[in-house]
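The values are calculated or read from the model by the stated rules, or taken from the named source; none is laboratory data. Source: prediction; values computed, not measured. A quick note on method: Cβ atoms are made from the backbone with ideal geometry, for glycine too, and the neighbour counts reach across all protein chains shown.
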């Protein structure tokens with residue numbers, strides 16, 4: 001449908017209902033089976049949410065927060081709020097209680113839809129939540145006047161109707177999951193996100209026959225715009241996954257045609273693939289390498305960047321033997337996978353593309369609703385972040401910082417005029433904080449202005465690139481590079497337990513003894529592996545010391561953002577004494 005005809009994000013549902021009321025809108029897992037909902041059934045439930053919200057007598061512009069796992073109720077609550085001119089404030093379901101309480105307090109949310117009484121009780125010690133006049137629990141019962149269960153809050157039935165027709169109205173305040181400091185509330189209008197979904201779809205077309213698997217949190221703007229509003233625009237179906245811990249099973253069960261993901265999912269898969277192949281007999285390894293070599297050659301030929309070769313005649317057989325089992329684990333039907341949220345290591349992209357997976361990297365940020373660039377199926381340079389969306393203007397500023405203008409750029413940060421002025425200049429350019437380059441038509445992100453480590457000798461090191469290279473080793477689960485102002489680089493490395501147990505046995509160490517991780521033999525063995533992983537980097541990028549741990553960095557312990565990026569400041573605090581010890585000698 002023409003996005004202008006929808007007018008608002010809630011107008012998307014109105015127009016979709018008029019076009020394909022009996023089409024499958026959503027699939028979700030209930031009990032022990034996947035169930036489907038039509039657009040007509042979704043609209044009925046949105047009408048019930050809308051009536052319940054109307055009964056709260058909230059004026060237009062009031063903020064209402066949702067802290068649920070991905071599912072139909074997340075979407076229905078959002079659509080109902082938007083239709084009434086309310087402002088949705090998404091909160092990550094697994095966010096730390098203190099962070100979630102801050103978002104509620106800072107946004108002045110009048111209502112919260114959350115999962116359970118336990119989740120609500122966890123928020124109470126961390127903020128002044130007096131502005132909340134209603135808390136609704138999706139599960140269980142409540143006995144507080146302010147707290148109601150969802151079943152009691154929702155009326156039996158009501159009709160869906162779009163009462164907000166202003167596309168420029170504030171639709172959502174999305175709090176960034178920044179790696180440092182308190183999150184800031186990004187103010188996005190209906191038009192910001194509606195335009196972004198339509199512009200992205202013009203670059204990577206979607207049809208009503210497509211099936212998305214939604215597993216990234218809907219609180220993340222990439223998933224919300226591309227994995228929720230875009231399918232609504234195109235009439236495609238969304239299957240709501242059961243969470244990243246069930247991703248492998250859900251991929252096989254759902255068999256999606258479109259996947260929106262972050263790089264870490266593909267990085268982990270790449271490590272598992274390479275580790276598995278390394279343990280196979282030599283003839284299998286040679287077949288796999290041949291499939292990769294010919295697969296990449298075929299990709300480059302299709303892109304018009306290389307000539308064909310008679311050897312490509314063997315590619316279908318090779319893919320059937322070695323690539324098909326890998327792709328079957330992704331459902332076996334993916335016609336496109338879109339990767340964003342962080343940098344995708346080029347060798348990881350090359351692996352999956354060579355196996356026959358159409359993998360497209362894009363780039364954006366919450367402040368841009370979020371997509372600014374994306375590769376396309378017929379013009380894909382995997383080491384780039386692609387081409388600008390229609391109406392997006394890009395240029396380089398001081399220090400080669402990428403600056404952007406687009407209809408998706410936010411109005412500013414909620415209640416933070418100073419921060420807004422710092423990121424959007426007087427001429428309307430959004431300062432992304434990313435260092436970029438343009439080569440031909442494609443754009444490349446080469447670093448972060450604030451994430452460059454400057455060693456004591458003045459050498460500049462991009463930590464993310466080195467961390468990605470380290471995490472391709474099956475032993476290394478997570479990595480944090482340190483060395484700002486220091487004479488050499490060091491790293492905190494969180495290890496996978498099973499490979500660590502194998503390495504410890506080789507070294508004659510007890511894998512279960514905490515002292516084994518600090519044993520010099522373990523550090524030297526890991527440094528030897530690190531040397532191999534970083535062989536392509538300059539000499540000054542060598543690691544001289546490492547600290548080994550089995551502690552996993554997660555959202556729950558505050559060391560990762562919801563998009564699986566390391567919170568560098570929090571990690572530096574957690575391991576402050578350890579880091580000092582790495583340089584004490």
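Between 17, 53, the distinction of being closer than 26 Å to residue 195 by Cβ, touching a strand residue (DSSP E or B) at 6+ places or on another chain (Cβ under 9 Å), part of a helix (DSSP H, G or I) and modelled with pLDDT of 95 or more belongs to 53 only. When restricted to residues that are in contact with a strand residue (DSSP E or B) (Cβ under 7 Å, 6 or more places away or on another chain) and at pLDDT below 85, region 541-559 contains 1.
Number of residues in region 469-495 that are surrounded by fewer than 22 Cβ atoms within 10 Å (Cβ to Cβ), closer than 22 Å to residue 455 by Cα and within 21 Å of the chain's Cα centre (by Cα) equals 1. Is it true that residue 415 is outside the structural domain of residue 61 (by TED's automatic domain parsing), within 22 Å of residue 380 (Cβ to Cβ) and modelled with pLDDT of 95 or more? Against the criterion (outside the structural domain of residue 61 (by TED's automatic domain parsing), within 22 Å of residue 380 (Cβ to Cβ) and modelled with pLDDT of 95 or more), residue 415 does not qualify. Taken together, the residues in region 29-43 that are touching a residue at least 24 places away in the same chain (Cβ under 8 Å) and buried (at least 16 other Cβ atoms within 10 Å of the Cβ) amount to 5. Within region 496-521, being surrounded by 11 or more Cβ atoms within 10 Å (Cβ to Cβ), within 16 Å of residue 578 (Cα to Cα) and within 34 Å of the chain's Cα centre (by Cα) holds for 517, 518.
Pick from 490, 505, 581, 522: which is over 20 Å from residue 468 (Cβ atoms) and touching a helix residue (DSSP H, G or I) at 6+ places or on another chain (Cβ under 7 Å)? Matching residue, one of 490, 505, 581, 522: 522. Considering region 275-294, and only residues there that are touching a residue at least 40 places away in the same chain (Cβ under 8 Å) and surrounded by fewer than 16 Cβ atoms within 10 Å (Cβ to Cβ), the residue that is nearest to residue 329 (Cα to Cα) turns out to be 275. Out of the residues in region 240-274 that are touching a strand residue (DSSP E or B) at 6+ places or on another chain (Cβ under 6 Å) and under 15 Å from residue 327 (Cβ atoms), state the one that is surrounded by the fewest Cβ atoms within 10 Å (Cβ to Cβ). Within region 240-274, the match that is surrounded by the fewest Cβ atoms within 10 Å (Cβ to Cβ) is 257. Which of the residues belonging to region 205-217 are touching a helix residue (DSSP H, G or I) at 6+ places or on another chain (Cβ under 9 Å) and either free of Cβ contacts under 8 Å to residues at least 24 places away in the same chain or surrounded by fewer than 24 Cβ atoms within 10 Å (Cβ to Cβ) (or both)? Listed by number, the residues that qualify are 205, 206, 207, 208, 210, 211. Taking the conditions (1) at pLDDT 95 or above; (2) over 19 Å from residue 151 (Cα atoms) in turn, residue 95 satisfies each one other than (1). Scanning region 78-106 for residues being more than 19 Å from the chain's Cα centre (by Cα) and either closer than 16 Å to residue 121 by Cβ or not in a strand (DSSP E or B) (or both) gives a total of 17. Annotation: residue 428 fulfils all but one of (1) at positive phi; (2) touching a residue at least 24 places away in the same chain (Cβ under 8 Å); (3) assigned to a loop (DSSP other than H, G, I, E, B); the unmet one is (2).
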